[in-house]
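What follows is a short report on a single structure.
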Amino acid sequence: MDTLGFYDGDPEGYFDATYNVDLSETRRRFLSHLPSGARILDLGCGSCRDAEAFMEAGFDVVPVDASEGMRRVVKDRLGMDVVPMRFDEIPYMNEFDGVWASASLLHVPSAELPSILGLVRRALKDGGVFFCSFKTGDYEGERDSRRYTDMTPGRLTSLLSSSGFSVIDVWQDADHRGTVWTNTISNAGSYARMPIRPS
């Protein structure tokens, strides 16, 4: 199972399948917690649909993705440069007002999520806002040629809380295929706190 290979294998197809998906209401909920012109890290940006929307709304966005294929297609089609980066390589500290992780961290094994969330928390300024979404359920393993970690609202809320986030919004919605998603918006406190555990 090679999740990254899936996205590198047909990046044009994935771009076409996801670029026009309407997440405007979800973005609105996230942005309502941020100041104008806030600096946002788009973590696992994929087609850059959301990064582009944030930029058009006047926000300072850094899109990152580990897939070379997706970075190439975004450059070709949107003229946007995407930073090559895996989740476990996030180097930032106290730099972003918001981190947006839409359907991206769901590919991280559950055992590795606490350390990744520690890196996300470190990247946020004090009081920064973090959005993430997971497919709803208890399943962990391979599905559709990719690795998935599903989350229930209770499990995700507990994980975020134990990683130093204060959850401020939790909701579920369904996409055009009928897949139910669990979404959370949370707040990061002062980073004076826990060291990041190595994975």
Please list 170, 61 from largest to smallest accessible area, probe radius 1.4 Å, with all protein chains kept in place. 170, 61
Quick check for you: with a 1.4 Å probe and neighbouring chains kept, what is the accessible area per residue of the chain, in Å²? 45
How far apart, in nanometres, would the label points at residue 57 and residue 158 be if each is projected 7 angstrom from Cα along the Cα-to-Cβ direction? 3.2
Might you report the magnitude of the Cβ-based charge dipole of the range 84-199 about its Cα centre, with Lys and Arg at +1 and Asp and Glu at -1, to the nearest 20 debye? 200
Ignoring ligands, DNA and RNA, please state the percent of accessible area on the chain from carbon and sulfur, probe 1.4 Å. 49
Residue 168 and residue 19 label points (each 7 Å along its Cα→Cβ direction) are spaced in nm at 3.3
Taking R0 as 25 Å and r as the Cβ-Cβ distance between residue 10 and residue 110, the FRET efficiency 1/(1 + (r/R0)^6), rounded to the nearest 0.05, comes to 0.40
Radius ratio Rg over Rh of the range 15-97, counting only Cα atoms, Kirkwood formula for Rh: 0.95
Can you work out ³J(HN,Hα) from phi for every residue in the range 3-8, in order, using Karplus 6.51 cos²θ - 1.76 cosθ + 1.60 and θ = phi - 60°, giving whole Hz and x for Gly and Pro? 4, 5, x, 4, 6, 6
Say R0 is 35 Å: what FRET efficiency, to the nearest 0.05, do residue 175 and residue 95 get from their beta-carbon distance? 0.70
Mind ranking 34, 105 by accessible surface for me, highest first, 1.4 Å probe? 34, 105
Identified option (computed semi-axes √(5λ) of the Cα gyration tensor in Å; candidates (i) 23, 20, 17; (ii) 33, 20, 12; (iii) 29, 18, 17): (i)
What does the charge count near residue 40 come to, summing +1 for each Lys or Arg and -1 for each Asp or Glu among other residues with Cβ under 13 Å from its Cβ? -4
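The values are calculated or read from the model by the stated rules, or taken from the named source; none is laboratory data. Not measured: the values here are computed from a predicted model. A quick note on method: Cβ atoms are made from the backbone with ideal geometry, for glycine too, and the neighbour counts reach across all protein chains shown. Quick note on the areas: whole protein, heavy atoms, side chains included, nothing else; ligands and nucleic acids left out. Shrake-Rupley method; radii C 1.70, N 1.55, O 1.52, S 1.80 Å.
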